[in-house]
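Undergrad: Below is one structure. I have some questions about it.
The values are calculated or read from the model by the stated rules, or taken from the named source; none is laboratory data. Computed from a predicted model, the values in this text were never measured in an experiment. All Cβ positions, even for glycine, are placed from backbone atoms using ideal geometry, and neighbour counts span all protein chains on display.
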Amino acid sequence: MKTDWVSYKHYRMDNSQESIDILYACLTAAWTLGQINSYFTDSHCYCGHSAHFIVGITVAILEHNNNVYMGYSFCSNKDQFCKKTGRRIALGRAMKQAEHV
């Protein structure tokens, strides 16, 4: 798919209220768009029976045919934060969303 433009935003999570607000907004959007299958509460993402503290978020913003699509990737405390990997996952999710419209 040829895109018009893509931009990225990376967030490192801490205990501030701003981080918590960003986390909830991104998790809610990703959940609504069907990009995550987990459920979440506070700052933990529950996948099956294990809980992972989210330490980083990457958001890909993709414009294609005058529409904007967003993809999200989440980095837990079990992962090594890597911008390249986060961008690849987030962009893939945004492109998948664009293809289904």
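Undergrad: Tell me yes or no: at least one residue of the stretch 75-93 is part of a strand (DSSP E or B) and either at negative phi or at pLDDT 85 or above (or both).
TA: yes
Undergrad: Now for a separate question. Tell me yes or no: at least one residue of the stretch 41-57 is at pLDDT below 85, more than 23 Å from Q80 (Cβ to Cβ) and surrounded by 13 or more Cβ atoms within 10 Å (Cβ to Cβ).
TA: no
Undergrad: Let me ask something else. Step by step: first the residues of the stretch 6-26, then only those that are of a type in the set (D, E, K, R) and within 20 Å of Q80 (Cβ to Cβ), then the one that is modelled with the highest pLDDT. Which residue is that?
TA: So, considering only residues that are of a type in the set (D, E, K, R) and within 20 Å of Q80 (Cβ to Cβ), the one modelled with the highest pLDDT is K9.
Undergrad: Moving on to the next point. Of the residues that sit in the stretch 4-40 and are in a helix (DSSP H, G or I) and in contact with a Phe, Trp or Tyr (Cβ under 6 Å, 6 or more places away or on another chain), which one is surrounded by the fewest Cβ atoms within 10 Å (Cβ to Cβ)?
TA: Going through the qualifying residues, I end up with I22.
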